[in-house]
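Asks: Quick one: the structure is below, and I'll ask about it shortly.
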Ligand code: NAD
């Protein structure tokens, strides 16, 4: 019998009463791993009510105690890193090395949350007027909402609930219905670390459940990671209710290759950063802007991409895994066809790749296009598959113009040995995360994850100091402790 993915409500992992459900599938074999319920409206109400009650106590829990919960959790996550990686490799499909990285980058956020006492420090100015001092307090918001995508089943939930909870909030987590299994394990370990019952609740589902949560009067803020159309919906519907929201969305990341770059470094870097994780990373390089004659390097890149292949997660020879679903596979293959139809040169076409022993997997092999123009669908759309577009730019000015004309602004990189070029690029490019000789510049959690333009809606980003501000209110207190009494009415608003 197929097991049901449990919800977490008030400290108990329980089965949903819903008859509405979806299979959780291994994308390399199509084996059904479990089924995920779409939580009922009553279950969602129960989860929010429980979180609200847990928040009342948690908000008064001493901050060092909250930090100690995170220390214990970090320890448990490290001890169980491989087990979590194997769970998420089953439903997401990514290979073990990459799955280990998925968990690790989440652990780093928990490490950041261990520093919560210093992160919550306010500001003080003594003597803002005679005998008057002002200081700020940083206080939690209440019950927050986290909605996560399929492509980082450990890292992205860990972007959200540890920071929200360390700041003193409760959170309702709604993992991707395609890959909910790792989140269950993450939350079991969080309970084991000593998290109070109800402080994080997990429900399952899709649009209906998300909409009910956003509209719930006791939900005060939403954090979302996923595709652009859904991000726009979540951002608009949350902020329309005058609640705060941060929505991380799709991308099209360009890497600029300057003629003075080290060719061997560029080639090796591009193999992993373009088709790694089957291109299902919001920071994957999907467009290479070859400057000047470096466009000739595209042929050598194609040779290297031909040498790697996808495979099942525990195949050590596999460079990456399958696409997450049949629907995603059809979409990616359709976009490859559109590239051919619209006149790009398909140097390698990965559509017919076979993986021995896994005839039913959602396989797409490395695919490389040259002669791509910016009006083609393969350039304009986020493909989210192992498909690379090569564009030729005349010089750095031309490359900057191309990158800055893209509506997306998640990540970009430049490969060069010239500090002058690198500095100009980092200064002028209109993208929120820039790598210089680093292909995928995802910041460590003491910075924030700062996508721009269509890749992000909101103003305060994930982790770093910005997450603390997102999950907190600032209260500013002004006090007068004077030896003298107020001896006459003061009709002015000015402090003296
Ligand atoms: P998705 O938008 O399909 O789903 C994301 C979440 O939203 C899921 O939990 C899903 O159940 C929920 N959802 C789906 N439709 C909804 C609707 N109509 N209303 C409300 N909720 C809905 O995204 P996905 O396919 O799971 O993830 C891939 C996308 O995520 C890519 O576009 C990728 O670039 C993006 N992503 C962005 C970042 C970033 O930091 N910018 C990071 C990772 C992934």
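Asks: How many residues are in a loop (DSSP other than H, G, I, E, B) and under 29 Å from the mean Cα position of the chain (by Cα) if we restrict to the range 313-348?
Replies: So the count comes out to 12.
Asks: Also: Please report, ordered by residue number, the helices (runs of 4 or more DSSP H) entirely within the range 368-439 with at least 2 residues that are more than 25 Å from residue 349 (Cα to Cα).
Replies: 396-405, 419-428
Asks: Could I ask something else about it? Pick from 4, 56, 81: which is over 23 Å from residue 159 (Cβ atoms) and touching a residue at least 24 places away in the same chain (Cβ under 8 Å)?
Replies: Exactly one residue qualifies, and that residue is 4.
Asks: What's the number of the condition residue 188 fails, among (1) within 12 Å of the ligand (Cβ to nearest atom); (2) more than 19 Å from residue 114 (Cβ to Cβ); (3) surrounded by fewer than 24 Cβ atoms within 10 Å (Cβ to Cβ)?
Replies: Going through (1) within 12 Å of the ligand (Cβ to nearest atom); (2) more than 19 Å from residue 114 (Cβ to Cβ); (3) surrounded by fewer than 24 Cβ atoms within 10 Å (Cβ to Cβ) one by one, residue 188 breaks only (1).
Asks: From 489, 443, which residue is part of a loop (DSSP other than H, G, I, E, B), without any contact (Cβ under 8 Å) to a residue 40 or more places away in the chain and within 16 Å of the ligand (Cβ to nearest atom)?
Replies: 443
Asks: Okay, next question. Go through the residues of the range 428-448 one by one and say whether even a single one is more than 30 Å from residue 272 (Cα to Cα) and loosely packed, with under 15 Cβ neighbours inside 10 Å.
Replies: No: the range 428-448 contains no residue that is more than 30 Å from residue 272 (Cα to Cα) and loosely packed, with under 15 Cβ neighbours inside 10 Å.
Okay, residues lined up against (1) within 16 Å of the ligand (Cβ to nearest atom); (2) crowded, with 24+ Cβ neighbours inside 10 Å:
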residue	(1), (2)
121	no, no
155	yes, no
171	yes, yes
192	no, no
204	yes, yes
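Asks: Considering each of 415, 384, 470, 447 in turn, give the residue that is in contact with a strand residue (DSSP E or B) (Cβ under 6 Å, 6 or more places away or on another chain), within 30 Å of residue 221 (Cα to Cα) and modelled with pLDDT of 95 or more.
Replies: Just one listed residue meets the conditions, 470.
One line per residue, one yes/no per condition, for (1) within 16 Å of the ligand (Cβ to nearest atom); (2) part of a helix (DSSP H, G or I); (3) touching a residue at least 40 places away in the same chain (Cβ under 8 Å):
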{"position": "224", "(1), (2), (3)": "yes, no, yes"}
{"position": "231", "(1), (2), (3)": "yes, yes, yes"}
{"position": "234", "(1), (2), (3)": "yes, yes, yes"}
{"position": "245", "(1), (2), (3)": "yes, no, yes"}
{"position": "260", "(1), (2), (3)": "no, no, yes"}
{"position": "265", "(1), (2), (3)": "no, yes, yes"}
{"position": "275", "(1), (2), (3)": "yes, yes, yes"}
{"position": "294", "(1), (2), (3)": "no, yes, no"}
{"position": "300", "(1), (2), (3)": "no, yes, no"}
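Asks: (1) under 24 Å from residue 11 (Cα atoms); (2) near the ligand (Cβ under 10 Å from one of its atoms); (3) touching a strand residue (DSSP E or B) at 6+ places or on another chain (Cβ under 8 Å): which one isn't true of residue 176, the others all being true?
Replies: For residue 176, the exception is condition (3).
Asks: Six or more apart or on different chains, Cβ atoms under 8 Å: show the pairs whose first residue is in the range 145-157 and farther than 25 Å from residue 50 by Cβ and whose second is more than 9 Å from the ligand (Cβ to nearest atom) and part of a loop (DSSP other than H, G, I, E, B).
Replies: Qualifying pairs under 8 Å: none.
The values are calculated or read from the model by the stated rules, or taken from the named source; none is laboratory data. Every value quoted in this text rests on a predicted model; they were computed, and no experiment measured them. All Cβ positions, glycine included, derive from the backbone under ideal geometry; neighbour counts span all protein chains shown.
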